[in-house]
Ligand SMILES: Nc1nc2c(ncn2[C@@H]2O[C@H](COP(=O)(O)OP(=O)(O)OP(=O)(O)O)[C@@H](O)[C@H]2O)c(=O)[nH]1
Ligand SMILES: [Mg+2]
């Protein structure tokens, strides 16, 4: 079938949450997101209510996909870091372990240097966690909630 | 690549609308967007040229309801159909869980349909996916136009394996939700069948 599934469990999710919460504080950032390369939002911290996170996730993933395509043409390794500077908001985008994307949005209350430093540290921790998640997802004994659903369940979804 | 979140009890799937330029992919998403309750949809994003041709993708997040306590969320994408945007099409196809091929029923577009379908197969193969194994439906769009092929002719040309297919007039919405439901159903059925590999 298709590419491997991404699965998120409570234990790892809590670890990821702790890392993004900490990153918001340590880097003095406004918002921090983690997104998978297909544009699904995994976690968010900071003032994320004011932002359309679903849109941001899909556009960031598209952006990373496009620059990855450019890198391929140039026979370059994927560009792992991107930085865009605006008048009020800046955005730092970091590819983590070639699987997920760490996005930090910050203003002039902090500095790019500090953001970079904290992102680097967070990236190391995140790498380990996603490594474990990947292993879990590939474990053939892992139960999926969908093993038990029936055709009726699926049909019912559309009966409205 | 579906994403199952046990914490928020959500399942996310990616569906891609593929097909030749101007066949009506963006129109499908626009109709779905306009007819869906605000609670069930997010913002629709269209990265388009000045002339409303898709440049990179359209994106529409939809919530379809719950199955066994899991919220099902579908991310709908369209590709740019124009031939020279092939590199972008490959990117959008990454991690796809289900495909809708939108064909343009007009006689003049017969060759464009065939080329696009061939291109879909090739681009899926590049990421080790076989079109015959991916949840996949076909829509024969623009049934309202004057010079069109019959459904039998379109079927013979584009659907030899007889996947679910639908006639549509996407501008009026005819067939749009039937197509979406069919592919969503196939995707969920596949999830049920296939434990993660
Ligand atoms: N008559 C008629 N016109 C349609 C129908 N569906 C779409 N159109 C029109 O066809 C034109 C192209 O539609 P789009 O949805 O933008 O086509 P697309 O497949 O997204 O094209 P690209 O973005 O270039 O790949 C628009 O003017 C639509 O209004 C249909 O069923 N009947
Ligand atoms: Mg379009």
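The values are calculated or read from the model by the stated rules, or taken from the named source; none is laboratory data. Predicted model, so just to flag it, every value in this text is computed and none were measured. Neighbour counts run over all protein chains shown; Cβ positions are idealised from the backbone, glycine included.
Computed quantities for the displayed model
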read-out: Residues satisfying the stated conditions in the range B:17-58, i.e. more than 23 Å from residue B:144 (Cβ to Cβ), within 13 Å of ligand 1 (Cβ to nearest atom) and in contact with a helix residue (DSSP H, G or I) (Cβ under 6 Å, 6 or more places away or on another chain); value: B:44, B:56, B:57
read-out: Exclusive hit being more than 16 Å from the chain's Cα centre (by Cα) and crowded, with 19+ Cβ neighbours inside 10 Å, set B:112, B:156, B:87; value: B:112
read-out: Counted residues, the range B:159-181 - those being modelled with pLDDT of 95 or more, crowded, with 16+ Cβ neighbours inside 10 Å and away from ligand 1 (no atom under 16 Å from the Cβ); value: 3
read-out: Residue that is nearest to ligand 2 (Cβ to nearest atom) [pool: residues in the range B:152-181 that are part of a loop (DSSP other than H, G, I, E, B) and within 15 Å of residue B:27 (Cβ to Cβ)]; value: B:170
read-out: Some residue of the range B:43-55 being closer than 23 Å to residue B:129 by Cβ, modelled with pLDDT under 95 and within 16 Å of ligand 2 (Cβ to nearest atom); value: yes
read-out: Top-ranked residue in the range B:62-84 [being crowded, with 18+ Cβ neighbours inside 10 Å and within 13 Å of ligand 2 (Cβ to nearest atom); ranked as farthest from the other protein chains (Cβ to nearest Cβ)]; value: B:81
read-out: Residues of the range B:23-32 classified as out of contact with any strand residue (DSSP E or B) (no Cβ under 7 Å at 6 or more places or on another chain) and either near ligand 2 (Cβ under 9 Å from one of its atoms) or free of Cβ contacts under 8 Å to residues at least 12 places away in the same chain (or both), total; value: 1
